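Data first, discussion second: the structure below is written as structure tokens.
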Amino acid sequence: MDNIITIDKYDFHDVALEYKEQGYDFLRCLTGMDWGEDGLGAVYHLENTLTQENVVLKTKTTELSDPILLSVCDIWKGAEFYEREIFDYFGIRFLGHPDMRRLFLREDWVGHPLRKDYDFSLNPLRMTNEVTADMTQNIEVLKDGSVIKKREVLFDEDEYVINIGPQHPATHGVLRFRVSLEGETIKKLDVHCGYIHRGIEKMCESLTYPQTLALSDRLDYLAAHHNRHALCMCIEKAMGIEVSERVQYIRTIMDELQRIDSHLLFYSCACMDLGALTAFFYGFRDREKILDIFEATTGGRLIQNYYTIGGLQADIAPDFVQKVKEFITYMRPTLKEYHDVFTGNVIMQGRTKGVGVLSKEDAVSFGATGGTGRASGWACDVRKRHPYAVYDIVQFDEILYTEGDCFSRYMVRMKEIEQSLNIIEQLIDNIPDGEIQVKMKPIIKVPEGSYYAAVEGSRGEFGVYLESRGDKFPYRLKFRSSGLPLVAAMDTLCRDAKIADLIAIGATVDYVVPDIDR
Amino acid sequence: MEIKNKEYLDDMVRQLNESGTKVFVGCLDEFINWGRGNSIWPLTFATSCCGIEYMAVGAARYDFARFGFEVTRASPRQADMIMVAGTITHKMAPVLRRLYDQMADPKYVIAVGGCAISGGPFKKSYHVVNGIDQILPVDVFIPGCPPRPEALLYGMMQLQKKVKVQKFFGDVNRKTDKEE
Ligand code: SF4
């Protein structure tokens, strides 16, 4: 169980600043909470990026009609989007936040859905087109201590604003940007999320633990195994279950296959976005080989539903080991072909080198983990930081670049494919015998407390924060999306880039929208 | 040559016209439908997981180009068909409707996956539309979560069959006129 330090809401900003100065520069996760009678609040997971130490802070307010907390988005940039999410979910407003709009839901949405007393009938399906406001609200404290609401302009009347998405082939799903241009140069970028907000966190509160597993696969479907791994680990940690060696090995191999699968898709889509349609077919051709391996064992191609609490759904297929080995022998030379087809191309190099640079400080401050963080030189791999499964016994390199541009983000992922192959190679011959499922009670109840577990997903840290009250349903289940911090950084990444670069930046940051919106 | 007793001919034409048969354009219909059915241009539209399988169908292994679907269009104005692949949320619903309205007639809709058909696994969510047939007329439903690529191909071929038996002249090519 995590040890949580409670801090008074009035002191929170100062305390947070102290922690930041002590080196807690990475805001891992920020979760809004409704504790019923006890008030509304937020839980902050912080990490010191040098020592990998963690602390968990919480703060709350008992004012239910107009809850206000202090914003920390001047301390950690990533907090800006998280706080907007909390405002959207719980109606908590953050003092000192520059842009207190809803993040996912429509502007005319009534109520705040993750509150325990939310009434579902308030929001029927509205077919009117949503009006996008050019203004935003924030609240400020004056010198005499009084609080005022202020309206602020997002986009001026004479600014040239163009809209990209939600239906645009290069946004990888349904993300929407509003971009203010000066000539071809991007002056400001406003991200609109929520077009695929499915309300998974709220749904989980009325599902039993085994049922919640099914939804985790559908968050980031290119990291289906990773997501589920995180959730299973979190529940197992909470219940004190030890899974067998065999399960750990198989989970690790599956996770790495999934990572290769995702990176191959990344390669295909990035090439397609940059205009190299042929390369798209190469990536998909090889991705199918992994899907075949998955399918033989799990029965699913994309959504696999394979891990369970305490084990696995089924044992590996008889030819699994052989097929994986064949794949490894096939994949290594093929990677060279990929580089021949695309990486060396002048146009590709011209469009990606030096474009969309994210500094290391910004990456940490936003919490932009995964390939994006590592391309900026931040060693943020959860497999190294907090090893889980059998990552502590395998040898592999954490790929780091320092440029932080599109090209290094691309290269990180391509090289990670090799590392994943290495990891699998070390494990595939030594899968130990053992149980594939720990015996569980028919009704799974998690002891009271709060727990956090994280894995390295295909595009960054994927975490699960679980608060249980001892029931068979979770009291609150929060998924730390790997994609949300990435889109939060988009504005910074795109400033002063050309509008055409937006496509290259979006392609290499590699977000998956249902994972952002949850 | 002068045609005598041509009343019966006039009568026949009148009858055929009344029942909606086009004497001359009937053959043209078949020809046009053959062309239309074998070159249905889909809109690139995918909101979530099912969209990835849709991409897989476009790639080399399953290759929907074999059936004339390969010209995916990014603009609804050039598309014949919209494959709704993925969950449709409350925020997305008006956008989807607008995309549909922007497509030129004749246009078709395929609902792919549990989500588009009924809300699928997210049926009880506060923000998910329980079936796109509430907002669009759907021609073909393809169940699955996600449907296999073979199922997608099968569904698309069902649509082709539907297109091939439709009447083009006086019916699908003038739908908008009639509604006005
Ligand atoms: S039907 Fe299943 S696979 Fe398809 S979008 Fe819905 S959840 Fe994803």
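The values are calculated or read from the model by the stated rules, or taken from the named source; none is laboratory data. The shown structure was predicted, so the numbers you read here are calculated from the model rather than taken from an experiment. Note: ideal-geometry Cβ built from the backbone for every residue, glycine included; neighbour counts use all protein chains shown. These accessible areas exclude ligands, DNA and RNA; they are computed on the full protein's heavy atoms, side chains included. Shrake-Rupley method; radii C 1.70, N 1.55, O 1.52, S 1.80 Å.
Which ones in the range A:189-228 are among the aromatic types (Phe, Trp, Tyr) and more than 14 Å from the chain's Cα centre (by Cα)? Walk me through it before giving the result.
Going through the range A:189-228, the residues among the aromatic types (Phe, Trp, Tyr) turn out to be A:195, A:209, A:221.
Correct list: A:TYR195, A:TYR209.
Taking the range B:132-143 as the region of interest, how many residues are at the interface with chain A (Cβ under 10 Å from one of its Cβ atoms) and touching a residue at least 40 places away in the same chain (Cβ under 8 Å)? Give the steps one after another, and end with the answer.
Step one: filter the range B:132-143 for residues at the interface with chain A (Cβ under 10 Å from one of its Cβ atoms), giving B:134-135.
Adding the requirement that they be touching a residue at least 40 places away in the same chain (Cβ under 8 Å) leaves B:135.
The qualifying residues number 1.
Out of B:ALA79, B:ALA59, report the one residue that is within 12 Å of another protein chain (Cβ to nearest Cβ), at pLDDT below 85, out of contact with any His (no Cβ under 8 Å at 6 or more places or on another chain) and more than 16 Å from the ligand (Cβ to nearest atom).
Details: B:ALA79 fails: at pLDDT below 85.
That would be B:ALA59, the only listed residue that is within 12 Å of another protein chain (Cβ to nearest Cβ), at pLDDT below 85, out of contact with any His (no Cβ under 8 Å at 6 or more places or on another chain) and more than 16 Å from the ligand (Cβ to nearest atom).
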Report, by residue number, each residue of the range B:131-156 that is among the charged types (D, E, K, R) and assigned to a helix (DSSP H, G or I).
-> B:ASP133, B:GLU150
Among (1) within 16 Å of the ligand (Cβ to nearest atom); (2) over 23 Å from the mean Cα position of the chain (by Cα); (3) among the polar types (S, T, N, Q), which single condition is A:THR297 missing?
-> (1)
Filtering the range A:162-190 for residues that are in contact with a strand residue (DSSP E or B) (Cβ under 6 Å, 6 or more places away or on another chain) and within 14 Å of another protein chain (Cβ to nearest Cβ) leaves a count of 5
Report yes if some residue within the range A:279-287 is in a helix (DSSP H, G or I) and under 20 Å from A:ALA500 (Cβ atoms); otherwise report no.
-> yes
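Looking only at the range B:120-145, which residues are farther than 30 Å from A:ASP88 by Cα and within 16 Å of the ligand (Cβ to nearest atom)? Write out each step before concluding.
The first filter runs over the range B:120-145 and keeps only residues farther than 30 Å from A:ASP88 by Cα, leaving B:137-144.
Of everything in the range B:120-145, those that are farther than 30 Å from A:ASP88 by Cα and within 16 Å of the ligand (Cβ to nearest atom) turn out to be B:VAL138, B:VAL140, B:PHE141, B:ILE142, B:PRO143, B:GLY144.
In this structure, does A:ILE293 turn out to be without any contact (Cβ under 8 Å) to a residue 60 or more places away in the chain and either among the aliphatic types (A, V, I, L, M) or surrounded by fewer than 18 Cβ atoms within 10 Å (Cβ to Cβ) (or both)?
yes
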Take the range A:59-95 and flag every residue that is over 19 Å from A:ALA133 (Cα atoms) and open to solvent by 50 Å² or more (accessible area, probe 1.4 Å).
-> A:LYS60, A:THR62, A:GLU63, A:LEU64, A:SER65, A:ASP66, A:ASP74, A:LYS77
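Counting just the residues of the range B:92-119 that are within 9 Å of chain A (Cβ to nearest Cβ) and within 16 Å of the ligand (Cβ to nearest atom), which one comes out nearest to the chain's Cα centre (by Cα)?
Pass one, the range B:92-119, residues within 9 Å of chain A (Cβ to nearest Cβ): B:92-99, B:115.
The next check asks that each one be within 16 Å of the ligand (Cβ to nearest atom); those that pass are B:92-93, B:96, B:115.
On the way: B:MET92: 20, B:ALA93: 19, B:LEU96: 15, B:CYS115: 19 Å.
The residue in question is B:LEU96.
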